[in-house]
Every structure is written in structure tokens, then in C-alpha cells.
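Asker: Supplied in C-alpha cells, the structure appears directly below.
The values are calculated or read from the model by the stated rules, or taken from the named source; none is laboratory data. All values reported here derive from a predicted model rather than from experimental measurement. Here Cβ is always computed from backbone atoms with ideal geometry, including for glycine, and neighbour counts include all displayed protein chains. Accessible surface areas use protein heavy atoms only, side chains included; no ligands, DNA or RNA. Shrake-Rupley method; radii C 1.70, N 1.55, O 1.52, S 1.80 Å.
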Amino acid sequence: MKIINENLSDFEKHILIDKGTETPFSGEYESCFESGIYVCKNCGAKLYSSDSKFKSHCGWPSFDCEVAGAVRKERDKDGVRTEIVCEACGGHLGHIFYGEGFTPKNTRHCVNSASIKFVKE
């Protein structure tokens, strides 16, 4: 991944580049339910609409779908989970889970707040 946003904090770099994870319930967007769009904090690509965000009570922002073509799914290094990364820059966003029954789409994108930025409508 190439750093595009030179203003990323060390913690944001840890999440986006080193594939780190925030402590549950610590991210600024876990409880944000305003209307808008979530973009990649590194490159600004549109990733998620607030319409797809839902309360999962898992400790991280949760979305049941991404903006079409914005998120790439890859096998995580643990061999079990599926990692999600920004298609435009390759920044680590979090993981995707299926079959939990939270929404009719039965999908949960579990995203680190430090990897995204909210743009209010």
C-alpha cells in the first residue's frame, strides 16, 4: 500500500498498512448514524454509504454492503477470516463476516474507524 494521505497518524498507519485492529468500542464511528458517506482515510475513495450501516453491537462500525467495486476481499493471513481492503489503495479496513443474521443481506463488514473518514451529507 502506498501512503497517499501524508497526514495519517501513526495509529492510522498501523491500522491501514500494518493491518492492525482497534480496541472494541474505541473508534469514533462505532456509534455514528448520521447520513453521509464513509471514505478511505488514506486515498479518499468512497467505501460505504450510511444507508448500509447498522448496529451490530460488536464494537466496530458495521455495514452490510460496500459501494460497488470499492472493497476487495482477500483471505486473511490467519487462513480463516476474510480481510477487506480499499480497492483503490489497498489500505486495510477490517474483516467481513457472513451468516450472522444481523440484516437481510446476512453480511457484516467490520471496519476500523481509523481506516475511514465520515463525510456528512
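Asker: Condition first: open to solvent by less than 40 Å² (accessible area, probe 1.4 Å) and over 17 Å from Glu66 (Cβ atoms). Now tell me which residues in segment 1-31 satisfy that.
Answerer: If we filter segment 1-31 for residues that are open to solvent by less than 40 Å² (accessible area, probe 1.4 Å), which is where we start, we get 8, 12, 15-16, 20, 22, 27, 29-30.
Correct list: Leu8, Glu12, Ile15, Gly20, Glu22, Gly27, Glu30.
Asker: Could you list, in sequence order, all residues of segment 15-37 that are outside any loop (DSSP other than H, G, I, E, B) and under 16 Å from His95 (Cβ atoms)?
Answerer: If we filter segment 15-37 for residues that are outside any loop (DSSP other than H, G, I, E, B), which is where we start, we get 15-16, 36-37.
Ile15, Leu16, listed by residue number.
Asker: Quick check on this structure: which one of Phe97, Phe118, Phe102 is among the aromatic types (Phe, Trp, Tyr) and in a loop (DSSP other than H, G, I, E, B)? Step through it out loud before you land on a result.
Answerer: Details: Phe97 fails: in a loop (DSSP other than H, G, I, E, B); Phe118 fails: in a loop (DSSP other than H, G, I, E, B).
Going through Phe97, Phe118, Phe102 in turn, the sole match is Phe102.
Asker: If you take the residues in segment 38-52 that are open to solvent by 20 Å² or more (accessible area, probe 1.4 Å) and assigned to a strand (DSSP E or B), which one is farthest from Val85 (Cα to Cα)?
Answerer: So the residue we want is Ser49.
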